[in-house]
Amino acid sequence: MFTPRQSDALIGALDQFRIELPSWGFANTGTRFGKFLQPAAAHTIAEKLSDAGQVHRCTGVCPSVALHVLWDLPNGLADADAVQQLAASYGVRPGAINPNVFQDQLYKYGSLGNPDPAVRQQALDHLAASIEIGKRLGSRDVSLWFADGSNYPGTQNIRHRRRWFEDGLREAYARMSTDQRMLIEYKPFEPAFYHTDIADWGMALLFAKGAGPNARVLVDTGHHYQSQNIEQIVAWLLDLDMLGGFHFNDRRYADDDLTLGSIDPYQVFRIFHEILHFKWETGRAAGIAYMIDQSHNLKGKIEAMIQTVTTALELYAKAALVDHETLDTYQERCDLVNAEGCLKDAFSTDVRPAIREWAVSKGLPADAMDAFRESGYLERITTERSEKNLASVSSYA
Ligand code: RM4
Ligand code: MN
Ligand code: MN
């Protein structure tokens, strides 16, 4: 069914594709109105890593797990060796380190953007501690998201906050080793609803440029306004060599953190297409960290994660089918219908049989979801964890 070019492109893409799982995707989470507890949800870092290990065992493309420092390493550096060992015992390794400068009471008015220098210093200390954890764990990326901003016009000095951020990020950067990268995430609103200190990719880009040569922008697909052209942002960042990675999820309205591709799979395809087209043209684009940032409140957590990974793999494989040479010719000639057709043809191709074949050739299950369901893992953890889970009450107010 596939031409030799298509088969090579497909296999090459599948062999390379890796996507990182978020530790927080296995824990009980909710909306700001409350949590719906799942009997099989993970509480401890051991449980989270164990669940991630299952996803990797079934899919073969998720060898690393992003960690959130306060949630996963509450004692900081002192927990690092134990986490390293646990991860290895479950067949995964620690991935991006996510500092947490948003949940403690002192951050009520911000962290690096807080008018109080003592709070800014505490935030910086936490970033420095997170960077040390990254060094100890051998994780390349320190991934920064800030909840900083304000809720009402006139209540904060936006220019001063910008400068405090610039200084803080530069100081944090100075603590990193040359093997580490700083990824800077942006978000237009929530939890702050009037202004966010790093509201868009342009602000993140300027902060990354100001921080140092190993700082890059992180694109969380949910952190955009309705109908924003995310693949254009991706193309610009690629061209500027400033794209560090992704937090993948899907959205209908805001930062919904829905399953990747559940609302708009063509959007994800177009993002992958920009990356693969760039790679074909330049031979570059290594080092982009694909990470999932989703926590399913209603779907079974491990199944939803497998569904996400499977979708990502399919959309990446479809994007790999685009005939770049032909596309370039059409683009040069401004042959609009045929150029668009190159994308549509690839997107419409059913790559699932080819992925099954590839998986089997790698000694992986042909169908990740079936393999998980047949493993008995979910039944086992449900029995083990349900009592603890259903006892933990949680409410919005
Ligand atoms: C934010 C952002 C961060 C994530 C937190 C939990 O909206 O996406 O990356 O760590 O949520
Ligand atoms: Mn994110
Ligand atoms: Mn988010």
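The values are calculated or read from the model by the stated rules, or taken from the named source; none is laboratory data. Because the structure is a prediction, the values reported are computed rather than measured. A quick note on method: Cβ atoms are made from the backbone with ideal geometry, for glycine too, and the neighbour counts reach across all protein chains shown. Only protein heavy atoms, including side chains, enter the accessible area calculation; ligands, DNA and RNA are left aside. Shrake-Rupley method; radii C 1.70, N 1.55, O 1.52, S 1.80 Å.
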Query raised in the report: Which one is farthest from ligand 2 (Cβ to nearest atom), of the residues in region 209-232 that are open to solvent by 30 Å² or more (accessible area, probe 1.4 Å) and hydroxyl-bearing (Ser, Thr, Tyr)?
Result: SER227
Report task. Please work out if ALA96 is modelled with pLDDT of 95 or more, in contact with a Ser or Thr (Cβ under 8 Å, 6 or more places away or on another chain) and among the small types (Gly, Ala, Ser). Result -> yes
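Among ASP197, ASP220, ASP239, ASP250, which is the only one that is within 15 Å of ligand 1 (Cβ to nearest atom), modelled with pLDDT of 95 or more, among the acidic types (Asp, Glu) and more than 29 Å from GLY300 (Cα to Cα)?
Values: ASP220 fails: more than 29 Å from GLY300 (Cα to Cα); ASP239 fails: within 15 Å of ligand 1 (Cβ to nearest atom); ASP250 fails: more than 29 Å from GLY300 (Cα to Cα).
Being within 15 Å of ligand 1 (Cβ to nearest atom), modelled with pLDDT of 95 or more, among the acidic types (Asp, Glu) and more than 29 Å from GLY300 (Cα to Cα) holds for just one of ASP197, ASP220, ASP239, ASP250, which is ASP197.
Restricting to region 68-87, name every residue that is away from ligand 2 (no atom under 16 Å from the Cβ), assigned to a helix (DSSP H, G or I), open to solvent by 70 Å² or more (accessible area, probe 1.4 Å) and not polar (S, T, N, Q). Reasoning before the result, please.
Looking only at region 68-87, we keep the residues that are away from ligand 2 (no atom under 16 Å from the Cβ), and these are 73-87.
If we keep only those that are assigned to a helix (DSSP H, G or I) too, we end up with 76-87.
Those still in the list that are open to solvent by 70 Å² or more (accessible area, probe 1.4 Å) too: 78, 81, 85.
Answer for region 68-87, where residues must be away from ligand 2 (no atom under 16 Å from the Cβ), assigned to a helix (DSSP H, G or I), open to solvent by 70 Å² or more (accessible area, probe 1.4 Å) and not polar (S, T, N, Q): ALA78, ASP81.
If we keep just the residues of region 182-207 that are of a type in the set (Asp, Glu) and open to solvent by 20 Å² or more (accessible area, probe 1.4 Å), which is farthest from ligand 2 (Cβ to nearest atom)?
At the first step, the residues of region 182-207 found to be of a type in the set (Asp, Glu) are 185, 190, 197, 200.
Cutting the leftovers down to open to solvent by 20 Å² or more (accessible area, probe 1.4 Å) gives us 190, 200.
Details: GLU190: 11, ASP200: 14 Å.
This residue is ASP200.
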Query raised in the report: Within the set of pairs 6 or more residues apart or between chains, which connect a residue that is without any contact (Cβ under 8 Å) to a residue 12 or more places away in the chain inside region 345-370 to a residue that is in a helix (DSSP H, G or I) with Cβ atoms less than 6 Å apart?
Result: ALA366/ARG356; ALA366/ALA359; ALA366/VAL360
Query raised in the report: Mind checking which pairs have a first residue in region 73-100 that is over 15 Å from GLN54 (Cα atoms) and free of Cβ contacts under 8 Å to residues at least 60 places away in the same chain and a second that is open to solvent by 10 Å² or more (accessible area, probe 1.4 Å) and of a type in the set (Lys, Arg), Cβ under 6 Å, 6 or more apart or different chains?
Result: ALA80/ARG136
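Show me the helices (runs of 4 or more DSSP H) entirely contained within region 116-233 in which 3 or more residues are charged (D, E, K, R).
Numbers: elements: 117-137, 158-174, 201-211.
Passing ranges, in order: 117-137, 158-174.
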**Report entry** Residue that is nearest to ligand 3 (Cβ to nearest atom), among those in region 274-326 that are over 26 Å from GLU357 (Cβ atoms), open to solvent by less than 50 Å² (accessible area, probe 1.4 Å) and not in a loop (DSSP other than H, G, I, E, B)
**Finding:** MET291
Requested in this report: Would you please list the contacts, defined by Cβ atoms under 8 Å and residues six or more apart or on different chains, that run from a residue in region 242-258 that is closer than 25 Å to GLY287 by Cα and within 9 Å of ligand 3 (Cβ to nearest atom) to a residue that is open to solvent by 30 Å² or more (accessible area, probe 1.4 Å) and of a type in the set (A, V, I, L, M)?
Outcome: ASN249/LEU258
Query raised in the report: Quick check: anything in region 359-369 closer than 25 Å to THR44 by Cβ, open to solvent by less than 80 Å² (accessible area, probe 1.4 Å) and at pLDDT 95 or above?
Result: yes
Query - Total residues in region 166-181, condition more than 12 Å from SER139 (Cβ to Cβ), surrounded by 18 or more Cβ atoms within 10 Å (Cβ to Cβ) and of a type in the set (A, V, I, L, M) - result: 2
Query raised in the report: Restricting to region 6-40, what's the tally of residues that are within 16 Å of ligand 1 (Cβ to nearest atom) and not in a helix (DSSP H, G or I)?
Result: 11
Query raised in the report: What number of residues within region 21-39 are over 11 Å from LEU298 (Cα atoms) and either under 18 Å from the mean Cα position of the chain (by Cα) or surrounded by 22 or more Cβ atoms within 10 Å (Cβ to Cβ) (or both)?
Result: 7
Report summary line: Flagged in region 236-273 as assigned to a helix (DSSP H, G or I), touching a strand residue (DSSP E or B) at 6+ places or on another chain (Cβ under 9 Å) and under 15 Å from TYR316 (Cα atoms), in numbering order, are PRO265, GLN267, VAL268, ILE271
Query raised in the report: Does THR196 satisfy the condition of being among the β-branched types (Val, Ile, Thr) and in contact with a His (Cβ under 8 Å, 6 or more places away or on another chain)?
Result: no
Report task. Taking PHE2 as the residue in question, decide whether it is touching a residue at least 40 places away in the same chain (Cβ under 8 Å), in contact with a helix residue (DSSP H, G or I) (Cβ under 7 Å, 6 or more places away or on another chain) and surrounded by fewer than 16 Cβ atoms within 10 Å (Cβ to Cβ). Result -> yes
Query - Residues located in region 307-324, provided they are under 21 Å from PRO365 (Cβ atoms) and either of a type in the set (Asp, Glu) or in contact with an Asp or Glu (Cβ under 6 Å, 6 or more places away or on another chain) (or both) - result: GLU314
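Quick one: which of ARG159, ARG163, ARG136 is surrounded by fewer than 22 Cβ atoms within 10 Å (Cβ to Cβ), in contact with a helix residue (DSSP H, G or I) (Cβ under 7 Å, 6 or more places away or on another chain) and either more than 23 Å from VAL69 (Cβ to Cβ) or modelled with pLDDT of 95 or more (or both)? It would help to see each step written out before you state the result.
On the way: ARG159 fails: in contact with a helix residue (DSSP H, G or I) (Cβ under 7 Å, 6 or more places away or on another chain); ARG163 fails: in contact with a helix residue (DSSP H, G or I) (Cβ under 7 Å, 6 or more places away or on another chain).
Residue meeting the stated conditions: ARG136.
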